[in-house]
Amino acid sequence: MPSPTQARADHWNQVLCHFRFQRAHGGYANDMDCIVARISFEPGAAGLLALCERLGLSHEGIPPGADPRQGSRQVLAAVG
């Protein structure tokens, strides 16, 4: 599926409330266009787990000793 035109992507970013269209960088990075969501939640593990529950997302929990400054990359690496 081809990427949307710049005008269409700009329109989406103006009308979407919690989402943003992000165009791939291109080149040989093998990345893809994506839709990004920004969702606020209470700080800490309890807030993140409560958000997952409200969204109906399953989770394995946050591994003990996970560094919150590393974000989801560390958590996913520890789970996967």
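Read-outs throughout are calculated quantities, based only on the coordinates presented, and are distinct from any laboratory measurement. Note that the coordinates shown come from a computational prediction; the quantities given were computed from them, not determined experimentally. Don't worry about glycine lacking a Cβ; one is built from the backbone with ideal geometry, like all the others, and counts go over all protein chains shown.
Computed from backbone phi with θ = phi - 60° and the Karplus coefficients 6.51, -1.76 and 1.60, the 3J(HN,Hα) list for region 10-15 is 4, 4, 4, 5, 7, 9 Hz; x is used for glycine and proline.
How would region 1-41 be classified by its alpha-carbon gyration tensor: rounded, prolate or oblate, with rounded meaning a/c under 1.5 and the a/b versus b/c comparison settling the rest? Note, shape of region 1-41 comes out oblate. Backbone N atoms of region 19-43 closer than 13 Å to the 7 Å Cα→Cβ label point of S3 belong to residues 21-35. Ranked for footprinting exposure by Cβ neighbours inside 10 Å, fewest first, H59, H18 give H18, H59.
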